[in-house]
Amino acid sequence: MLDPILDIRGLTKTYPGGLTALGGVDLQIRKGEIFALLGPNGAGKTTLIGAVCGLVRPTGGTIHAFGEDMGKHWRTLRARIGLVPQELSTDMFEPVWRSVSHSRGLFGLPPDPARIEAILKSLSLWDKRNVQIRALSGGMKRRVLIAKAMSHDPELLFLDEPTAGVDVELRRDMWKQISEMRERGTTIILTTHYIEEAEEMADRVGIIRAGKILMVDEKDAMMKRLGRTEALISLAAPLAAVPEVLAAYPVALIEEGRKLCYRGGDGAGQGKTDVAEVTKALTRAGIDYTAIDIHESSLEDIFVDLVEGREALAGGAA
Amino acid sequence: MSLFNARSAWTIYKQELMRAFRTAMQSILAPVLTTSLYFVVFGAAIGGRMQGGMDGVNYGAFIVPGLLLLTLLGESTSNASFGIYMPRFTGAIYELLSAPVGVAETLVGFVGAAATKSLILAAIILTTATFFVDYTIIHPVYALGFIILVSASFSLFGFILGIWADSFEKLSVVPMLILMPLTFLGGTFYSIQMLPEPWRTVAMANPVVYLVNGLRWTFYGSSDVSIGVSLGLTLAFLAACVALIAYIFRTGWRLRN
Ligand SMILES: Nc1ncnc2c1ncn2[C@@H]1O[C@H](COP(=O)(O)OP(=O)(O)OP(=O)(O)O)[C@@H](O)[C@H]1O
Ligand SMILES: [Mg+2]
């Protein structure tokens, strides 16, 4: 990748208790993209973000941001990076305005009321500027944390589960705001449990599990490469073996031969064509069936497959 | 690349002071009340029976430096320790850790604010004392210097405590079980010379003795130990705290795990 904005190589983190949260992570982030880091609880997402932002001291590996070594030039580099943490943790007794202004000062920038006003307005927090943070709803609190992270105009912004605990409407709202940030040139790395979130807004998706990056790809390419059509054909009578005529297709008998399961395709229509061919072949062979259930795997299915260790699916695609 | 982010340090300092004013009742009124009570009990009740005072100084006046120190040690330690412990406890420290802020800015911000609070408190206590006793300060410049030095040292000490503690219990155990007894045994309300041997010698192992007597010297020009020794020890304590904090930041201990 040409001039990545963030270049992580061989990053490891073993916590004092002996738990290895990151087991050699390599990851390059492109300037201007939205990158979604997807992984189950305890995969190491927060640890990875923490290592870049200075919250966690890495055990090994290197991190370069904007082409410079984070370990050496942390002072200048951190000023260009923003972080919205997973937990709603900030001084809850502070009013919104002061809290956000404080963040700007902490990052070494002179006060700029106009900029703070613009940020608060863009996050619909302007009306609440004099309200203590503890008096806001959960979704509002999260937006305050986003405002704080934006207050020093970072070029690289980390959002650790930005929409956790946020209702659907607010979530769409937040997606919009994140897209707007990207349009203004901010590179965004977010973690999420919501597949639809990655699907909706990410340019690229990385899947992390047990401290290892399993795969990184363009969202569309990943869908295409892994996108699978799954069809369950209920047979009128159980079969003992997969019929000869279907030998060319990725099918298997399940539920004691009462159902024929097709898994295949390329996420771009091939699967549906295959299923049509399979049913025609069945008819020609005189095998009767009573129902067909067909669906496309979403990113979620891929994700679930991967994290449950059913990599057979991914392996088959290679 | 700059080595010190003045604006960041100032931001932390301001924030910390603001936090103190938010809890003004607790951080200012409480010490004033406590000090007044000490004056009433020790100064008026006991002092009235102390014929001739201590070392030629009226007993009520004699305890002013000790009382001042009692408050300074306690408040500097607890203010600074809470200042850094609370964000650690709530998780709000993430912002500080992710900011372009190093050990210098953090110290100037947190410890500076805690020490400033102590200085304000010292002024209030000395003012309160004038309502109860007549006292003089023979070496006002030394007194101010010594008060600043003690405030800074124990704010640093409190800062370390706040990083070390991983529970509220630990946070209060050191001031309660170590600092308080040492202060009371350190000649706050009496002269070490009044103690019989071997307790007089044992008392000399108590570092607070040197602090109390250093401050007492700046008030009345006489004390149980020489001002040079007092100043030297206080400075050494300050230097040790700074070195320890620098080490903590380099290793990330309790902060970056
Ligand atoms: N401070 C810590 N000390 C010890 N172990 C830790 C610490 N923080 C995290 N871990 C462990 O490291 C692993 C990775 O945790 P991490 O928080 O990075 O996961 P995550 O992907 O962010 O999970 P989630 O989706 O639940 O937020 C987990 O097993 C966790 O228990
Ligand atoms: Mg997490």
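Only residues that are under 20 Å from A:Pro4 (Cβ atoms) and among the β-branched types (Val, Ile, Thr): list them for region A:179-212, please.
Hits for region A:179-212 are A:Thr186, A:Thr187, A:Ile188, A:Ile189, A:Thr191, A:Val205, A:Ile207, A:Ile208.
Hey, among A:Ala231, A:Ala241, which residue is away from ligand 2 (no atom under 16 Å from the Cβ), touching a strand residue (DSSP E or B) at 6+ places or on another chain (Cβ under 8 Å) and assigned to a loop (DSSP other than H, G, I, E, B)?
Step by step, each of A:Ala231, A:Ala241 is checked, and only A:Ala241 is away from ligand 2 (no atom under 16 Å from the Cβ), touching a strand residue (DSSP E or B) at 6+ places or on another chain (Cβ under 8 Å) and assigned to a loop (DSSP other than H, G, I, E, B).
Would you say B:Leu17 is out of contact with any Lys or Arg (no Cβ under 6 Å at 6 or more places or on another chain) and open to solvent by less than 60 Å² (accessible area, probe 1.4 Å)?
Yes: the conditions hold for B:Leu17.
Residue by residue, here is whether (1) within 16 Å of ligand 1 (Cβ to nearest atom); (2) crowded, with 17+ Cβ neighbours inside 10 Å; (3) modelled with pLDDT under 85 holds:
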position: A:Glu180; (1), (2), (3): no, no, no
position: A:Arg184; (1), (2), (3): no, no, no
position: A:Ile189; (1), (2), (3): yes, yes, no
position: A:Ala198; (1), (2), (3): yes, yes, yes
position: A:Ile208; (1), (2), (3): yes, yes, no
position: A:Gly211; (1), (2), (3): yes, yes, no
position: A:Asp220; (1), (2), (3): no, no, yes
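What number of residues within region A:80-100 satisfy the criterion of being part of a helix (DSSP H, G or I) and either within 9 Å of chain B (Cβ to nearest Cβ) or within 17 Å of A:Leu55 (Cβ to Cβ) (or both)?
Qualifying residue count for the region: 1.
If you take the residues in region A:52-66 that are at positive phi and modelled with pLDDT of 95 or more, which one is farthest from the other protein chains (Cβ to nearest Cβ)?
Here the answer is A:Gly61.
Output the number of residues of region B:130-173 satisfying the condition of being in a helix (DSSP H, G or I) and open to solvent by less than 20 Å² (accessible area, probe 1.4 Å).
Final tally of qualifying residues: 15.
What do you reckon, is A:Gly39 within 16 Å of ligand 2 (Cβ to nearest atom), closer than 19 Å to A:Arg209 by Cβ, away from chain B (no Cβ under 14 Å) and touching a residue at least 12 places away in the same chain (Cβ under 8 Å)?
For A:Gly39, the condition - within 16 Å of ligand 2 (Cβ to nearest atom), closer than 19 Å to A:Arg209 by Cβ, away from chain B (no Cβ under 14 Å) and touching a residue at least 12 places away in the same chain (Cβ under 8 Å) - is met.
Which of the residues that make up region B:94-128 are within 12 Å of chain A (Cβ to nearest Cβ) and either of a type outside the set (Val, Ile, Thr) or surrounded by fewer than 18 Cβ atoms within 10 Å (Cβ to Cβ) (or both)?
Within region B:94-128, B:Tyr94, B:Glu95, B:Leu96, B:Leu97, B:Ser98, B:Ala99, B:Pro100, B:Gly102, B:Val103, B:Ala104, B:Glu105, B:Gly109 qualify.
So which of A:Gly24, A:Gly61, A:Gly32 is away from ligand 2 (no atom under 16 Å from the Cβ) and in a loop (DSSP other than H, G, I, E, B)?
Working: A:Gly24 fails: in a loop (DSSP other than H, G, I, E, B); A:Gly61 fails: in a loop (DSSP other than H, G, I, E, B).
Of A:Gly24, A:Gly61, A:Gly32, the one residue that is away from ligand 2 (no atom under 16 Å from the Cβ) and in a loop (DSSP other than H, G, I, E, B) is A:Gly32.
Please verify whether region A:16-30 includes one or more residues that are more than 28 Å from A:Met222 (Cα to Cα) and within 11 Å of chain B (Cβ to nearest Cβ).
Yes, region A:16-30 has at least one match.
Taking region A:206-222, which residues are within 16 Å of ligand 2 (Cβ to nearest atom) and not basic (Lys, Arg)?
Matches in region A:206-222: A:Gly206, A:Ile207, A:Ile208, A:Ala210, A:Gly211, A:Ile213.
Being without any contact (Cβ under 8 Å) to a residue 40 or more places away in the chain, within 16 Å of ligand 2 (Cβ to nearest atom) and within 30 Å of A:Ala65 (Cα to Cα) is the filter here; which residues of region A:128-176 pass it?
A:Thr163
Please go through region A:15-67 and pick out each residue that is away from ligand 1 (no atom under 12 Å from the Cβ) and among the charged types (D, E, K, R).
Within region A:15-67, A:Asp26, A:Arg30, A:Lys31, A:Glu33 meet the criteria.
Would region A:113-132 turn up any residue that is within 12 Å of chain B (Cβ to nearest Cβ) and either farther than 25 Å from B:Leu17 by Cα or out of contact with any Lys or Arg (no Cβ under 8 Å at 6 or more places or on another chain) (or both)?
yes
Going residue by residue through region A:148-166, is there one that turns out to be β-branched (Val, Ile, Thr) and touching an Asp or Glu at 6+ places or on another chain (Cβ under 7 Å)?
If we filter region A:148-166 for residues that are β-branched (Val, Ile, Thr), which is where we start, we get A:163, A:166.
Next, from what is left, pick out any that are touching an Asp or Glu at 6+ places or on another chain (Cβ under 7 Å): A:163.
Checked region A:148-166: at least one residue is β-branched (Val, Ile, Thr) and touching an Asp or Glu at 6+ places or on another chain (Cβ under 7 Å).
How about region A:31-73: which of its residues are within 26 Å of A:Lys219 (Cβ to Cβ) and of a type in the set (A, V, I, L, M)?
Correct list: A:Ile34, A:Ala36, A:Leu37, A:Leu38, A:Ala43, A:Leu48, A:Ile49, A:Ala51, A:Val52, A:Ile63, A:Ala65.
Within region B:48-58, is even one residue outside any helix (DSSP H, G or I), within 12 Å of another protein chain (Cβ to nearest Cβ) and surrounded by fewer than 21 Cβ atoms within 10 Å (Cβ to Cβ)?
First pass over region B:48-58, keeping only residues outside any helix (DSSP H, G or I): B:50-58.
The next check asks that each one be within 12 Å of another protein chain (Cβ to nearest Cβ); those that pass are none.
No, the conditions are met nowhere in region B:48-58.
Which one of these does B:Ala9 not meet: (1) within 9 Å of chain A (Cβ to nearest Cβ); (2) hydrophobic (A, V, I, L, M, F, W, C); (3) within 29 Å of A:Ile49 (Cβ to Cβ)?
(1)
Each row is one residue, and each column tells you yes or no for (1) over 15 Å from A:Phe158 (Cα atoms); (2) touching a Gly at 6+ places or on another chain (Cβ under 7 Å); (3) acidic (Asp, Glu); (4) open to solvent by 20 Å² or more (accessible area, probe 1.4 Å).
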{"site": "A:Gln28", "(1), (2), (3), (4)": "no, no, no, yes"}
{"site": "A:Gly32", "(1), (2), (3), (4)": "no, yes, no, yes"}
{"site": "A:Asn41", "(1), (2), (3), (4)": "yes, no, no, yes"}
{"site": "A:Lys45", "(1), (2), (3), (4)": "no, yes, no, no"}
{"site": "A:Leu83", "(1), (2), (3), (4)": "no, no, no, no"}
{"site": "A:Met92", "(1), (2), (3), (4)": "yes, no, no, yes"}
{"site": "A:Val100", "(1), (2), (3), (4)": "yes, no, no, no"}
{"site": "A:Gly105", "(1), (2), (3), (4)": "yes, no, no, no"}
{"site": "A:Leu109", "(1), (2), (3), (4)": "yes, no, no, yes"}
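The values are calculated or read from the model by the stated rules, or taken from the named source; none is laboratory data. All values derive from a computational prediction rather than experimental measurement. Virtual Cβ from ideal backbone geometry, glycine too; neighbours counted across all protein chains shown. Just the protein is used for accessible areas: all its heavy atoms, side chains included, with ligands, DNA and RNA removed. Shrake-Rupley method; radii C 1.70, N 1.55, O 1.52, S 1.80 Å.
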